[in-house]
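*Asks:* This is the structure, below, for whatever I ask next.
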Amino acid sequence: MKKTILLLTILFVVTTGLIAQVAIFADSIFPITSPLIRKGVILINKGKIEKIGTESDIKVPENYTRVKTHAVTPGFIDARSTIGMSGVYNNNTDQDQLEKSSPIQPELRAIDAYNPEEKLVSVAREYGITTLHTGHGIGALVSGQTMVVSTKPGNVESVTLKPLCMLAMTIGDGVSGHFSSPGTKAKQISMIRTELLKAKEYAKKMEEKDSTKRPTFDLKMDMLSKLLKGEIKAMITANTTVDIMGAIRLAKEFQLKLVLDGAAEAYRLTDEIKAAKSEIILHATMARNEGDMLNMSRASAALLTKAGIPVSIESGYEGYVPKTRIVLFEAAVAMSFGLSYEDALKTITINPATLLGIDKERGSIEKGKKADLVLFDGDPFEYTSHVTGVYIDGIRY
């Protein structure tokens with residue numbers, strides 16, 4: 001009992017020290033939703049941003065811990081990852097992102113497989129990624145659900161921001177190699193349509209006033225019903241023009257909230273994508289030009305942004321070393337291919353925050369938002385710069 005009390009006392013002292021009031025002084029602050037601030041100050045109090053402004057505008061209270069750095073950005077958000085479900089060792093014990101027993105499994109929950117202690121989570125955090133949109137991966141028509149998590153240490157409940165975010169789906173060559181059926185693109189679309197039609201009928205029957213006439217509760221149909229009702233988004237990985245148009249037709253037929261993932265040839269279909277009101281999670285800029293991504297362009301982020309389509313850049317899934325991409329580097333390369341500095345930062349901050357529905361608390365440096373911040377000793381997009389500090393909910397890791 002005495003040992004327990006001692007440990008709790010130590011934990012309380014350490015925790016209160018970590019969440020002490022902090023004043024960060026920086027040569028450059030990138031708020032994202034407002035202009036760059038030179039010689040600025042950010043005040044952190046109770047895990048949130050209390051004030052932000054120039055050194056001449058903000059009076060820092062005496063009891064605030066002072067931290068000096070070169071540059072500060074919001075914590076980065078990886079718009080599409082399998083980190084925590086795909087592990088660093090790439091063997092059977094740490095690969096939970098794709099269940100191959102059936103091509104359509106919407107009932108699979110990401111929260112049941114996510115491992116917050118996976119090494120790749122801390123690797124991402126060390127590079128300034130404070131939030132992940134992760135979950136079931138590509139390779140099945142409907143591989144399962146996704147979730148949004150903080151990369152701070154803790155158990156799955158304490159780090160989860162949204163236990164259910166989207167339904168991960170795939171159209172394209174990546175599906176056929178995992179299952180005996182479907183074998184063709186037409187069969188892929190046919191199988192998805194068949195299940196959605198079943199779900200539509202199921203949802204209708206579940207609304208019967210007479211409970212005896214309702215069907216037995218079905219996890220699979222229930223999740224597809226949520227998709228049809230617009231309660232969750234359909235995140236469809238589709239890279240070729242043919243597959244992207246197939247995803248758009250599906251969304252139109254069933255009135256789905258469409259998020260195109262990967263979207264390697266999206267630059268060829270900007271008018272169609274805008275008409276479909278589809279959101280975009282773009283492939284990693286430095287992905288390889290092979291398979292259904294043969295015609296990808298490193299200028300895609302710039303071309304789509306110029307067309308008025310908001311872009312979020314993903315790390316995706318890597319089956320080889322270094323196991324995960326870092327979206328900071330991917331955004332930097334996108335900038336070198338025509339994307340503006342400001343828009344490059346948006347692809348890994350406010351754009352994915354808006355896409356994931358967490359923009360009221362994250363994605364930019366604003367008063368009242370969570371203090372998720374990244375400190376640099378140089379320009380954030382300069383290769384020789386280093387991340388010197390990462391704050392999540394006001395705590396420095």
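*Asks:* Which net charge results for the neighbourhood of Gln188, defined as the other residues with beta-carbon distances under 15 angstrom from its beta-carbon, given Lys and Arg at +1 and Asp and Glu at -1?
*Replies:* -1
*Asks:* Based on the Cβ-Cβ distance of Ser122 and Asp210, what FRET efficiency does E = 1/(1 + (r/R0)^6) give at R0 = 41 Å, to the nearest 0.05?
*Replies:* Calculated value: 0.15.
*Asks:* Can you sort Glu342, Glu195, Glu157 so the residue with the fewest Cβ neighbours within 10 Å comes first?
*Replies:* Sorted ascending by nearby Cβ count, the order is Glu157, Glu342, Glu195.
*Asks:* Continuing with the same structure: At a threshold of 8 angstrom on Cα-Cα distance, excluding pairs fewer than six apart, so keeping six or more, what relative contact order does the chain reach in percent?
*Replies:* 19
*Asks:* Let me ask you something else. Based on the inverse mean of 1/r over its pairs of different Cα atoms, what is the Kirkwood hydrodynamic radius of region 162-290, in Å?
*Replies:* Taking every pair of different Cα atoms in region 162-290, averaging 1/r and inverting gives 15.8 Å.
*Asks:* Right, something else. Tell me what the chain gives for mean residue ellipticity at 222 nm when only DSSP H runs of n ≥ 4 count, each as -39,500 (n - 2.57), the sum divided by the residue total, rounded to 500 deg cm²/dmol.
*Replies:* -8500 deg cm²/dmol
*Asks:* Suppose every K and R has +1 on its Cβ and every D and E has -1 on its Cβ; what is the size of the dipole of the chain about the Cα centre, in Debye to the nearest 20?
*Replies:* The dipole magnitude comes to about 860 debye.
*Asks:* Would you count, across region 174-269, every pair of lysines whose alpha carbons are under 14 angstrom apart, provided the pair is eight or more residues apart or spans two chains?
*Replies:* Lysine pairs meeting the criterion: 15.
*Asks:* Region 274-332: which chymotrypsin sites (Phe, Trp or Tyr not before Pro) are DSSP loop and have at most 11 other beta-carbon atoms within 10 angstrom?
*Replies:* Tyr320
*Asks:* Still on this model: Using the alpha-carbon centroid of each, what span in Å lies between region 125-162 and region 319-391?
*Replies:* Here the two parts' Cα centres lie 16 Å apart.
*Asks:* Net charge around Val374, counting only other residues with Cβ within less than 12 Å of its Cβ (Lys, Arg = +1; Asp, Glu = -1)?
*Replies:* Local net charge: -1.
*Asks:* Give the residue from Leu355, Ser211, His136 lying farthest towards the positive end of the charge dipole for the chain; charges sit on Cβ (+1 for Lys and Arg, -1 for Asp and Glu) and the dipole is referred to the Cα centre.
*Replies:* Of the options given, the answer is Ser211.
*Asks:* Right, another one. So what's Rg/Rh here for region 112-167, counting alpha carbon atoms and using the Kirkwood radius for Rh?
*Replies:* Taking Rg over the Kirkwood Rh, I get 0.97.
*Asks:* Got a sec? How would Met221, Met245 order by Cβ neighbour count within 10 Å, fewest to most?
*Replies:* Least to most surrounded, the residues fall as Met245, Met221.
*Asks:* Using every alpha carbon pair in region 314-358, what percent of pairs falls into each 5 Å bin from 0 up to the bin containing the largest distance?
*Replies:* Per 5 Å bin, starting at 0, the Cα pair percentages come out as 6, 22, 24, 22, 16, 10, 1.
*Asks:* Which whole-percent values make up P(r) of the chain when all C-alpha to C-alpha distances are grouped in 20 Å steps starting at zero?
*Replies:* Result returned by the calculation: 27, 53, 18, 1.
*Asks:* Between Phe76, Phe254, Phe30, which gets the highest mean-square fluctuation from a Gaussian network model of the chain, Cα cutoff 10 Å?
*Replies:* Phe254
*Asks:* If you keep only loop residues by DSSP, which GluC sites (Glu not before Pro) in region 219-322 have at most 14 other Cβ atoms within 10 Å of their Cβ?
*Replies:* Glu231, Glu290
*Asks:* What do the square roots of 5 times the Cα gyration tensor eigenvalues come to for region 36-146, in whole Å, largest first, as semi-axes of the equivalent ellipsoid?
*Replies:* The answer is 41, 14, 12 Å, longest axis first.
*Asks:* If you stretched the chain out fully between Lys187 and Gln95, how much longer would it get, using 0.36 nm times the residue separation minus the C-alpha to C-alpha distance?
*Replies:* Length difference between fully extended and current span is 30.4 nm.
*Asks:* Counting only DSSP beta bridges with both residues in region 76-356, tell me the antiparallel percent, nearest 5.
*Replies:* Around 30 percent of the beta bridges assigned by DSSP in region 76-356 are antiparallel ones.
*Asks:* Place a +1 charge on the Cβ of each Lys and Arg in region 42-161 and a -1 charge on the Cβ of each Asp and Glu, then give the dipole magnitude about the Cα centre in debye, rounded to the nearest 20.
*Replies:* The calculated dipole for region 42-161 is roughly 420 debye.
*Asks:* Region 56-107: which trypsin sites (Lys or Arg not before Pro) are DSSP loop and have at most 16 other beta-carbon atoms within 10 angstrom?
*Replies:* Lys59, Lys100
*Asks:* Once both axes come from the Cα atoms, what is the angle between helix 241-254 and the longest principal axis of the chain, in degrees from 0 to 90, rounded to 10?
*Replies:* Value to nearest ten degrees: 80.
*Asks:* If the cut-off is 25 Å between C-alpha atoms, which lysines fall inside it for Lys46, apart from same-chain ones fewer than 8 positions away?
*Replies:* In chain and number order, the partners are Lys59, Lys68, Lys152, Lys162, Lys360, Lys367, Lys369, Lys370.
*Asks:* Please report the net charge: other residues with Cβ closer than 13 Å to the Cβ of Lys205, K and R +1, D and E -1.
*Replies:* With Lys, Arg at +1 and Asp, Glu at -1, the neighbours total 0.
Read the figures in this text as sums done on the coordinates, not as results from a lab. This one's a predicted model, so the numbers in the text were calculated from it and none came from an experiment. All Cβ positions, even for glycine, are placed from backbone atoms using ideal geometry, and neighbour counts span all protein chains on display.
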